[in-house]
Amino acid sequence: MKKFVKIMAVIAAMGVMMSFAGCASTPTASKVKEKGVITMATNAAFPPFEYLKDNKVSGVDVDVANEIAKDLGVKLEIKDMEFDMVIPSVKAGKFDFGAAGITIREDRLKEVDFSVEYVKSSQYMVVQKGKSFTKDDLANMVIGVQQGTTGDLYASGDFDEDVKAKEVKQYKSAVEAAGDLKLGRIDAVIVDELPAKTIVEGAADKLELIDEKLTEESYALCVKKGNKTLLDSINKTLERLMNEGKIDEYVINHMGK
């Protein structure tokens, strides 16, 4: 009987520990305020939304994140990582939210919860100056993309099996892909509209944008599934910034940086 009681006590203790562990892994708004810091997972290779300036992460999403932190009365900490690790890190509760020009997609909705949409975007092709391509030419083209992005999926035929590149080369960033494009190692880079324009502005003598919208999508911030209190706080800040016209202001400020 004593052994049974001891076993039950151990099981109960384990249950309590697991309960506390589960709570600790969910960064609710109250817990964020309690620790005095909100953590953001990002990929600083997506200008104007995220990029490195003087070895610090800057960009539209950083300006947005600073406002979220200010409204919560806490400090902001940013972790730069590979793009395809942002959502898994938020899902695991390692960071409070993710911001990396993230497109809302059905597969991602199964992993994390998204905020309200705060930016509309589309995929475009960047090519060498003087070249003329359309999506109908993709079957004969080598396309550079940032791994794990919408451009990657589009070029790979995941949007439309009839629209698929001859070969897809994956890079850590669209900027890196653009470097190979300048050297003629690939035929085009497929990337979101604003990063595409930023890339072209930085190499106007060598690159240009094809004026053909390939997709339509929306950006949002993400939090761990079920984290309603933090998501409500984030949405409140986003809606204020949109109403004040601040998002557009941030985009203009960071274009060409």
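The values are calculated or read from the model by the stated rules, or taken from the named source; none is laboratory data. Predicted, not measured: the structure shown is a model, and the values here were computed from it. Note that each Cβ is placed from the backbone with ideal geometry, even for glycine, and that neighbours are counted across all protein chains shown.
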Inset, instruction - Look at Lys197 and say whether it is more than 28 Å from Tyr250 (Cβ to Cβ), in contact with a strand residue (DSSP E or B) (Cβ under 8 Å, 6 or more places away or on another chain) and among the charged types (D, E, K, R). - result: no
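Can you tell me which residue within region 129-152, out of those that are of a type in the set (S, T, N, Q) and surrounded by fewer than 16 Cβ atoms within 10 Å (Cβ to Cβ), is farthest from Ile210 (Cα to Cα)?
The first filter runs over region 129-152 and keeps only residues of a type in the set (S, T, N, Q), leaving 132, 134, 140, 146-147, 149-150.
Filter once more, keeping what is surrounded by fewer than 16 Cβ atoms within 10 Å (Cβ to Cβ): 132, 134, 140.
Numbers: Ser132: 7, Thr134: 8, Asn140: 17 Å.
Restricting to residues being of a type in the set (S, T, N, Q) and surrounded by fewer than 16 Cβ atoms within 10 Å (Cβ to Cβ), the top hit is Asn140.
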Inset, instruction - Tell me which of these Ala177 doesn't satisfy, since it passes every other one: (1) under 30 Å from Lys225 (Cβ atoms); (2) surrounded by 24 or more Cβ atoms within 10 Å (Cβ to Cβ). - result: (1)
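Conditions (1) modelled with pLDDT under 95; (2) surrounded by 13 or more Cβ atoms within 10 Å (Cβ to Cβ), marked per residue:
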{"residue": "Pro195", "(1), (2)": "yes, yes"}
{"residue": "Thr198", "(1), (2)": "yes, yes"}
{"residue": "Ser218", "(1), (2)": "yes, yes"}
{"residue": "Lys225", "(1), (2)": "no, yes"}
{"residue": "Asn235", "(1), (2)": "no, yes"}
{"residue": "Ile252", "(1), (2)": "yes, no"}
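Give the residues of region 128-146 that are among the β-branched types (Val, Ile, Thr) and within 14 Å of Gly184 (Cα to Cα), sorted by residue number.
Going residue by residue through region 128-146, those that are among the β-branched types (Val, Ile, Thr) are 134, 142-143, 145.
Of everything in region 128-146, those that are among the β-branched types (Val, Ile, Thr) and within 14 Å of Gly184 (Cα to Cα) turn out to be Val142, Ile143.
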Inset, instruction - Would you mind telling me which numbered condition in (1) closer than 22 Å to Ala100 by Cα; (2) in contact (Cβ under 8 Å) with a residue 60 or more places away in the chain; (3) touching a strand residue (DSSP E or B) at 6+ places or on another chain (Cβ under 6 Å) Ser156 fails? - result: (2)
Legend entry - Residue count for region 200-216, restricted to those that are crowded, with 21+ Cβ neighbours inside 10 Å and over 30 Å from Ile234 (Cβ atoms): 1
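Being over 17 Å from Ala204 (Cβ atoms) and either among the polar types (S, T, N, Q) or touching a helix residue (DSSP H, G or I) at 6+ places or on another chain (Cβ under 6 Å) (or both) is the filter here; which residues of region 120-131 pass it?
Just the residues of region 120-131 that are over 17 Å from Ala204 (Cβ atoms), to begin with: 120-123.
Result: Ser121, Ser122, Gln123.
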Inset, instruction - Please state which of the following conditions Asp187 fails to meet, knowing it meets all the rest: (1) touching a Ser or Thr at 6+ places or on another chain (Cβ under 9 Å); (2) over 30 Å from Ser30 (Cβ atoms). - result: (1)
Legend entry - Ala174, sole failed condition from (1) within 17 Å of Glu212 (Cα to Cα); (2) under 23 Å from the mean Cα position of the chain (by Cα): (1)
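For region 165-174, give me the residue count where each residue is buried (at least 21 other Cβ atoms within 10 Å of the Cβ) and touching an Asp or Glu at 6+ places or on another chain (Cβ under 9 Å). If you could, list the steps in order and put the result at the bottom.
Within region 165-174, the first condition is being buried (at least 21 other Cβ atoms within 10 Å of the Cβ), and the residues that meet it are 165, 168, 173-174.
Those still in the list that are touching an Asp or Glu at 6+ places or on another chain (Cβ under 9 Å) too: 165, 168, 174.
Of the residues in region 165-174, 3 are buried (at least 21 other Cβ atoms within 10 Å of the Cβ) and touching an Asp or Glu at 6+ places or on another chain (Cβ under 9 Å).
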